[in-house]
Amino acid sequence: MLKDWDEFFSSIEGKDYMKSLRAFWKKEYESKVIYPPEDMIFQAFKLTSPSKLKVVIIGQDPYINPGQAMGLAFSVPVGLKLPPSLKNIYMEIEKDLDITMDYECGDLTYLAEQGALLINAALTVEAGKSFSHQIKEYRLFMDDLMEYLDRLNQPIVFMLWGGPAKKFESKVTNPNHLILKANHPSPLSANRGGWFNMHLFSKCNEFLTENGVDAIDWKNSLSLF
């Protein structure tokens, strides 16, 4: 579905920060171990069309351990152990919606295919080094992306999890859009409060259904893959 985003990517392609970003990627991927794989940097856009967008979930940066990052915020490939952040997400979904999640499956592709854009504030990271790619180019990219998303007039829920994500709150001004803020679901942050019992997922679905949009089916299952 990346072609569905042509309007957005065409609008930023000639900007200085994109030229700088592409040069940064070339240097980093040639000289270091970088996650996700280079061909998955824009994976979130490949799975979700703007016209079908319902939810935007913004995280911090990709997972830093081998094989985890797959271009979707918080998602890991089938067969990998759930990272602590994703485990906390599943726990809150279960409690909020009274459903049972499959903890053997951390692939969130099923959410992307329902219209959830799962994106991190930084699209890449150096192996083993959290926040290693906190560069101005990503902030400029995200600023442009948020402005584009806010121009979409269908009902959209913006879930801003953690400090880096909350910085984009001011970009959401469309009255058809809802902001749901929370602490990052990582144990260090979630256990301080502001993550558990926030009812993010039920509030999201209530907003969508109240506005005539099908709710997100948050329940996962290995049978989906």
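Taken together, the values in this text are just the output of simple stated rules run on the coordinates, not laboratory data. Worth saying up front: this structure is predicted, and the values here are computed from it rather than measured. Here Cβ is always computed from backbone atoms with ideal geometry, including for glycine, and neighbour counts include all displayed protein chains.
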Between region 91-109 and region 151-170, how many Å separate their Cα centres?
22
Multiply the residue gap between His199 and Thr100 by 0.36 nm, knock off their C-alpha separation, and tell me the result in nm, one decimal place.
34.1 nm
Given axes a ≥ b ≥ c from the Cα gyration tensor, I'd like to know whether region 1-127 is rounded (a/c under 1.5), prolate (a/b larger than b/c) or oblate.
oblate
Hey, rough spin-label estimate for Phe131 and Asp143, points 7 angstrom out along Cα→Cβ, what's it come to in nanometres?
2.1
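What whole-number value in cubic angstrom gives the convex hull volume per residue for the C-alpha atoms of region 1-45? Don't skip to the end; give the middle numbers.
Numbers: hull volume 3.1 nm³, N = 45.
Hull volume normalised by residue count: 69 Å³.
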Sites Arg192 and Ser20, calculated FRET efficiency, Cβ-Cβ separation with R0 30 Å, nearest 0.05
0.25
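With +1 on each Lys and Arg Cβ and -1 on each Asp and Glu Cβ, and nothing else charged, work out how big the dipole of the chain is about its Cα centre, in Debye to the nearest 20.
Details: 24 positive and 29 negative charges, 135 e Å.
I would put it at about 640 debye.
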Among His184, His199, His133, determine the one that fluctuates most according to a GNM of the chain built with springs between C-alpha atoms less than 10 Å apart.
His199
Counting only DSSP beta bridges fully inside the chain, the antiparallel percentage to nearest 5 is 15
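Using 0.36 nm per residue, how much length does the chain from Asp4 to Lys181 gain when fully extended, once their Cα-Cα distance is taken away? Don't skip to the answer; put the middle values down first.
Details: separation 177, 0.36 × 177 = 63.72 nm, distance 2.77 nm.
Answer, rounded to one decimal: 61.0 nm.
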Calculated SAXS-style log₁₀ I(q)/I(0) at q = 0.11, 0.14, 0.17 Å⁻¹ - region 143-225, Debye, Cα scatterers:
-0.36, -0.57, -0.81
Treat the count of other C-beta atoms within 10 Å as a stand-in for reagent exposure and order Phe45, Phe24 from fewest to most.
Phe24, Phe45
So what's the back-of-envelope 222 nm ellipticity for the chain, counting only DSSP H runs of four-plus at -39500 (n - 2.57) apiece and dividing by all residues, rounded to 500?
-10000 deg cm²/dmol
Put in order of increasing Cβ neighbours within 10 Å, starting from the fewest, Asp6, Asp107, Asp61 give Asp6, Asp107, Asp61
Give the long-range amide H neighbours of Val56: residues separated by 5 or more places, or on another chain, with amide H under 5 Å away, using H modelled in the peptide plane at 1.01 Å from N.
Leu117, Val157, Phe158, Met159
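Please tell me the relative contact order of region 2-224 in percent, rounded to the nearest whole number, where contacts are Cα pairs under 8 Å and at least six residues apart. Before the final figure, lay out the partial values.
Details: 390 pairs, mean separation 52.9, N = 223.
Once divided by the residue count of region 2-224, the mean separation gives 24 percent.
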Can you list the HN-Hα couplings for region 167-184, worked out from phi with the Karplus curve (6.51, -1.76, 1.60; θ = phi - 60°), rounded to whole Hz and with x for Gly and Pro?
5, 8, 4, 5, 7, 9, 10, 5, x, 7, 10, 10, 9, 10, 9, 7, 5, 5
Quick one: Debye curve from the alpha-carbon atoms of the chain only, equal weights, vacuum; give me log10 I(q)/I(0) at q = 0.16, 0.17 Å⁻¹ to two decimals.
-1.17, -1.34
Karplus (6.51, -1.76, 1.60) ³J(HN,Hα), θ = phi - 60°, over region 190-198, in Hz, Gly and Pro reported as x:
4, 6, 8, x, x, 10, 5, 6, 8
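Just want the ordering: Val76, Val55, from fewest to most Cβ atoms lying within 10 Å of their own Cβ.
On the way: Val76 21, Val55 25.
Lowest to highest Cβ neighbour count: Val76, Val55.
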Using alpha carbon centroids, what distance separates region 61-78 and region 12-57, in Å?
14
Please turn the phi angles of region 34-43 into ³J(HN,Hα) values with the Karplus equation 6.51 cos²θ - 1.76 cosθ + 1.60 (θ = phi - 60°), one per residue in order, whole Hz, x for glycine and proline.
10, 10, x, x, 4, 7, 10, 4, 9, 4
